[in-house]
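Below is the structure I would like to discuss, written out as structure tokens.
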Amino acid sequence: MKTFIFYILSMGIFFSGIANAQTNPLLQQRWQFKEARQVLLKENSKTSFEQLSAQLQDYPIVHYLRYFYLESHLEEAETIQAFLEQYKDSPIAQLLRQAWLTKLAQKGAWQTFIANYTPQKSTVLQCYHLQAHFKTQGELKEELLEKVKDLWLVGISQPNECDPLFAYLYDNELITNEMRWQRIRLAMQKGNIGLARFIAKSLPEADQELATLWQDMHNKPASTLNEFMLSDETPFAREILLHGLRRLARQDADSAYQHWKNYKTSYAFTDQENAELFYDIVLRSVRQNHPEAARWLTEVDKNLVDDKIIQARLQVALAQQNWQDVKKLIQSLPITKQDKLQFQYWRARTLEQTGETKKAEKRFKTLSENRDYYGFLAAGRLGKQYQFLSHPLNISQKEKDQLFEKQAGMLRAHELYFIGLTDLARLEWDAVLSNLSTSELKIAAAIAHEWGWHDRAIRAIAKAKYYDDLDIRFPLPFYDTVLNHAQAQQLDFAYVYAVIRQESAFQSDIISVAGASGLMQLMPATAKNVAKKQQIILKNNKELFVPDINIALGTAYLRDLLNQFNGNRLLATAAYNAGPSRAKRWAKKYACLPADIWIELIPFNETRKYVKRVLSYMPIFEYQMLGHPEVKVMPLDIICPK
């Protein structure tokens with residue numbers, strides 16, 4: 001307890017700002033820790049590790065020095081086992097175990113591997129574990145054999161480390177043709193044609209022809225369907241045919257519909273197969289502006305009517321500005337759906353457009369009390385100031401201290417974060433948050449906000465489902481950088497902040513699955529092109545994690561998009577998310593519509609949400625900085641390509 005109180009008091013520099021490096025032992029320990037890590041990286045010696053660790057015995061993350069040492073000394077089995085036992089509840093224990101197990105497998109130390117294996121999410125380690133049993137026992141028992149089959153029976157290619165296990169299945173003729181077809185089916189569902197083709201090579205010749213037909217249905221559905229003919233009317237034949245019809249619908253919903261009508265006379269599709277195929281064709285028909293889309297939407301099986309169908313019905317009605325259809329749609333929804341702000345707004349717009357002005361104004365007034373995209377739109381229609389409903393959390397220092405005392409992992413996260421080991425800090429922090437109550441999550445959000453760890457603060461308060469502390473949810477980090485680059489590119493600072501908030505929630509080192517990097521989530525190729533235009537030297541992709549570089553390139557790209565779209569912020573925002581070519585296509589397809597309708601018609605759900613969020617975040621950031629955003633921020637203009 002004495003040690004803990006020392007650290008709580010030491011941390012006062014972050015809560016009160018009264019300490020400095022000379023008077024605060026914690027700062028000195030941080031410096032010593034950094035120095036110790038550098039020495040370990042350079043010397044890589046056990047003697048240095050022990051000497052340096054001895055100087056930091058009271059430091060809450062001193063065991064991380066041991067972790068760093070053991071990372072590069074995976075041959076020290078007994079030391080690693082002791083560490084894993086002592087720190088079994090720490091996130092780094094799992095990291096070390098994974099690295100050690102991988103090393104043991106690569107060395108063929110299978111007995112040690114089995115003795116120290118714990119269930120893992122990693123497919124590589126799962127395969128190593130099964131290999132270990134095979135290598136030590138010379139066979140695989142039925143239970144383990146089933147696990148190997150499960151690893152094989154997926155729609156993606158598995159890591160090379162699994163190949164010896166799969167070779168065992170093949171060599172012992174344990175993979176049946178039925179299993180091969182199952183895997184081909186899974187691969188086709190994921191669009192993994194290469195894998196399907198590979199598996200098909202081991203089928204009998206007649207079956208290979210069917211597999212090739214399936215692949216052709218995927219790659220060239222139009223021509224394949226024109227020539228399609230199978231003498232046997234089987235569930236499998238129907239499955240291939242349905243796959244082709246769905247693929248064709250992506251390109252030409254009308255053609256898919258006509259083919260379906262023709263094939264229904266020859267193939268006994270089940271009611272469920274017909275209903276699900278029609279559902280897919282109808283959704284595609286909406287995107288393709290099919291003249292029958294509105295009628296088809298009303299004919300979708302009622303058991304399949306979901307949010308996608310409802311959104312599609314709204315889009316078709318709005319595209320035609322058929323306000324009676326909008327009204328009918330909303331009235332047909334369950335009350336819980338009608339109460340959503342989206343449908344409240346469109347009900348008010350319907351009243352406005354059908355001459356019931358007073359009723360419309362009443363609904364807009366009620367809506368405008370919400371801090372939300374539709375609330376801001378409603379306020380804009382009334383020329384009324386936005387309502388921000390800011391109610392900051394009231395967290396006392398005592399509550400923060402108590403949470404630290406209860407959650408040792410939070411103290412470790414704190415130190416790792418301020419030392420700059422952010423990835424490890426996130427592991428500790430997220431492990432703590434997974435066990436917190438709602439009230440504790442709010443405290444954690446307030447703490448992370450005070451540290452300037454905004455992405456964790458935003459996630460914590462979202463997990464607590466508390467949305468009214470705007471300081472935590474919409475902070476203003478990188479203030480000078482954002483303002484300087486926004487001014488240089490003649491951009492509204494609130495627009496830049498809104499894009500950053502939506503793209504990364506202020507996590508500067510974030511990288512998406514697709515490779516988009518940094519605060520403004522730039523793809524490397526885009527960043528390279530923008531850097532060349534701006535005469536900015538971009539040495540490597542890692543520099544995209546540097547806030548100043550990322551914001552410089554991101555704002556330049558935003559300016560480029562605005563120039564491409566004649567200053568139209570809606571189109572530029574859609575282009576930032578979905579790409580300029582799509583935004584241009586949508587601008588042409590939905591030309592000269594009111595902005596609120598145009599946004600609702602964006603075909604991609606992700607982009608539609610993205611645009612709404614960016615637009616609703618802008619006035620909030622203006623409020624955060626200025627306290628009085630202008631109502632004109634929310635767009636009500638007509639979208640017309642020039």
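The values are calculated or read from the model by the stated rules, or taken from the named source; none is laboratory data. Here the structure is a predicted model, which means the values were calculated and not measured. All Cβ positions, glycine included, derive from the backbone under ideal geometry; neighbour counts span all protein chains shown.
Taking Tyr170 and the conditions (1) surrounded by 14 or more Cβ atoms within 10 Å (Cβ to Cβ); (2) more than 15 Å from Thr123 (Cβ to Cβ), which numbered condition does it fall short on, given that it satisfies the others?
(1)
Working only within region 402-419, note down all residues that are surrounded by fewer than 19 Cβ atoms within 10 Å (Cβ to Cβ) and either free of Cβ contacts under 8 Å to residues at least 60 places away in the same chain or in contact with a strand residue (DSSP E or B) (Cβ under 6 Å, 6 or more places away or on another chain) (or both).
Gln402, Lys406
Determine which single condition Lys327 fails, assuming it passes every other condition in (1) closer than 18 Å to Leu297 by Cα; (2) surrounded by 21 or more Cβ atoms within 10 Å (Cβ to Cβ); (3) of a type in the set (D, E, K, R).
Checking Lys327 against (1) closer than 18 Å to Leu297 by Cα; (2) surrounded by 21 or more Cβ atoms within 10 Å (Cβ to Cβ); (3) of a type in the set (D, E, K, R), the one that fails is (2).
Of everything in region 104-135, what is within 33 Å of the chain's Cα centre (by Cα) and surrounded by 15 or more Cβ atoms within 10 Å (Cβ to Cβ)? Give them in sequence order.
Ala105, Tyr117, Gln120, Thr123, Val124, Leu125, Gln126, Cys127, Tyr128, His129, Leu130 - these are the residues of region 104-135 that are within 33 Å of the chain's Cα centre (by Cα) and surrounded by 15 or more Cβ atoms within 10 Å (Cβ to Cβ).
Out of the residues in region 54-67 that are without any contact (Cβ under 8 Å) to a residue 60 or more places away in the chain and in a loop (DSSP other than H, G, I, E, B), which is surrounded by the fewest Cβ atoms within 10 Å (Cβ to Cβ)?
Taking region 54-67 first, the residues without any contact (Cβ under 8 Å) to a residue 60 or more places away in the chain are 54-58, 62-63, 65-67.
Right, trim to in a loop (DSSP other than H, G, I, E, B) and you get 55-58, 62.
Numbers: Gln55: 14, Leu56: 18, Gln57: 8, Asp58: 13, Val62: 19.
Of everything passing the filter in region 54-67, Gln57 is surrounded by the fewest Cβ atoms within 10 Å (Cβ to Cβ).
Could you tell me whether region 463-477 includes any residue that is assigned to a helix (DSSP H, G or I), closer than 21 Å to Leu519 by Cβ, touching a His at 6+ places or on another chain (Cβ under 6 Å) and not polar (S, T, N, Q)? Don't jump to the end; show me each part of the working.
Taking region 463-477 first, the residues assigned to a helix (DSSP H, G or I) are 463, 470-473.
Next, only the ones that are closer than 21 Å to Leu519 by Cβ stay: 470-473.
Remaining after also requiring touching a His at 6+ places or on another chain (Cβ under 6 Å): 472.
Then keep just the ones that are not polar (S, T, N, Q); that gives 472.
Scanning region 463-477 turns up at least one residue that is assigned to a helix (DSSP H, G or I), closer than 21 Å to Leu519 by Cβ, touching a His at 6+ places or on another chain (Cβ under 6 Å) and not polar (S, T, N, Q).
Scan region 216-249 residue by residue and report those that are buried (at least 18 other Cβ atoms within 10 Å of the Cβ) and of a type in the set (Ser, Thr, Tyr).
Once the filter is applied, which keeps residues that are buried (at least 18 other Cβ atoms within 10 Å of the Cβ) and of a type in the set (Ser, Thr, Tyr), region 216-249 yields only Thr224.
So which residues in region 484-510 are surrounded by fewer than 17 Cβ atoms within 10 Å (Cβ to Cβ) and either free of Cβ contacts under 8 Å to residues at least 60 places away in the same chain or not acidic (Asp, Glu) (or both), if there are any at all?
Scanning region 484-510 gives Asn484, Gln487, Ala488, Gln490, Ile510.
Which of the residues spanning region 437-464 are out of contact with any Pro (no Cβ under 8 Å at 6 or more places or on another chain) and surrounded by fewer than 17 Cβ atoms within 10 Å (Cβ to Cβ)?
Ser437, Thr438, Ser439, Glu450, Ala462, Lys463
Scan region 43-53 residue by residue and report those that are among the charged types (D, E, K, R) and either in contact with a Ser or Thr (Cβ under 9 Å, 6 or more places away or on another chain) or surrounded by 13 or more Cβ atoms within 10 Å (Cβ to Cβ) (or both). Walk me through how you get there before you give the answer.
Taking region 43-53 as the starting set, the residues that turn out to be among the charged types (D, E, K, R) are 43, 46, 50.
Within region 43-53, Lys46 is the sole residue that qualifies.
Next question, about the same structure. Specify the residue that is surrounded by the most Cβ atoms within 10 Å (Cβ to Cβ); the eligible residues are those in region 293-320 that are of a type in the set (Asp, Glu) and in contact (Cβ under 8 Å) with a residue 12 or more places away in the chain.
Quick first cut of region 293-320, residues of a type in the set (Asp, Glu) only: 299, 301, 306-307.
With the extra rule that they be in contact (Cβ under 8 Å) with a residue 12 or more places away in the chain, the set shrinks to 299, 301.
Numbers: Glu299: 10, Asp301: 14.
Applying the filter and picking the extreme gives Asp301.
Taking the residues in region 431-447 that are of a type outside the set (Ser, Thr, Tyr) and free of Cβ contacts under 8 Å to residues at least 40 places away in the same chain as candidates, determine which candidate is nearest to Gln29 (Cα to Cα). I'd like the intermediate steps shown before the answer.
Narrowing region 431-447 to residues of a type outside the set (Ser, Thr, Tyr): 431-433, 435-436, 440-447.
Now drop any that are not free of Cβ contacts under 8 Å to residues at least 40 places away in the same chain, which leaves 432-433, 435-436, 440-441.
Details: Val432: 23, Leu433: 26, Asn435: 29, Leu436: 29, Glu440: 28, Leu441: 29 Å.
Per the criteria, the residue is Val432.
While we're looking at this one, here's another question. Among the numbered criteria (1) within 35 Å of the chain's Cα centre (by Cα); (2) at pLDDT 95 or above, which single criterion is violated by Pro60?
Here Pro60 clears every test but (2).
Moving on to the next point. The conditions are (1) surrounded by fewer than 17 Cβ atoms within 10 Å (Cβ to Cβ); (2) more than 19 Å from Glu273 (Cβ to Cβ); (3) modelled with pLDDT of 95 or more, and Asp252 fails exactly one of them. Which is it?
Result: Asp252 fails condition (1) only.
Within region 571-585, track down each residue that is part of a helix (DSSP H, G or I), under 16 Å from Thr555 (Cα atoms) and of a type outside the set (S, T, N, Q). Spell out the reasoning first.
Going residue by residue through region 571-585, those that are part of a helix (DSSP H, G or I) are 571-578, 580-585.
Remaining after also requiring under 16 Å from Thr555 (Cα atoms): 571-577, 580.
Within region 571-585, Leu571, Ala572, Ala574, Ala575, Tyr576, Pro580 qualify.
Residue-wise test of (1) in contact (Cβ under 8 Å) with a residue 12 or more places away in the chain; (2) outside any helix (DSSP H, G or I); (3) surrounded by 20 or more Cβ atoms within 10 Å (Cβ to Cβ); (4) more than 34 Å from the chain's Cα centre (by Cα).
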| site | (1), (2), (3), (4) |
| --- | --- |
| Thr336 | no, no, no, no |
| Ala348 | yes, no, yes, no |
| Ala379 | yes, no, yes, no |
| Gln385 | yes, yes, no, no |
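Could I ask something else about it? Of all residues in region 350-366, how many are under 19 Å from Pro594 (Cα atoms) and part of a helix (DSSP H, G or I)?
Total satisfying the criteria: 8.
A further question on this structure: Only one of these conditions is not met by Ser285: (1) under 31 Å from the mean Cα position of the chain (by Cα); (2) among the small types (Gly, Ala, Ser); (3) assigned to a loop (DSSP other than H, G, I, E, B). Which number is it?
(3)
Now for a different question. Name every residue in region 36-90 that is closer than 27 Å to Ala115 by Cα and either in the same structural domain as Ser434 (by TED's automatic domain parsing) or aliphatic (A, V, I, L, M) (or both), in order of residue number. Let's see the steps before the verdict.
To start, the set of residues in region 36-90 that are closer than 27 Å to Ala115 by Cα comprises 46, 63-90.
Of everything in region 36-90, those that are closer than 27 Å to Ala115 by Cα and either in the same structural domain as Ser434 (by TED's automatic domain parsing) or aliphatic (A, V, I, L, M) (or both) turn out to be Leu65, Leu70, Leu74, Ala77, Ile80, Ala82, Leu84.
While we're looking at this one, here's another question. So, of the residues in region 294-317 that are closer than 16 Å to Pro334 by Cα and among the charged types (D, E, K, R), which turns out to be farthest from the chain's Cα centre (by Cα)?
Result: Lys302.
How about region 587-613: which of its residues are within 24 Å of the chain's Cα centre (by Cα) and either part of a helix (DSSP H, G or I) or surrounded by fewer than 16 Cβ atoms within 10 Å (Cβ to Cβ) (or both)?
Selection gives Ile599, Glu600, Phe604, Asn605, Glu606, Thr607, Arg608, Lys609, Tyr610, Val611, Lys612, Arg613.
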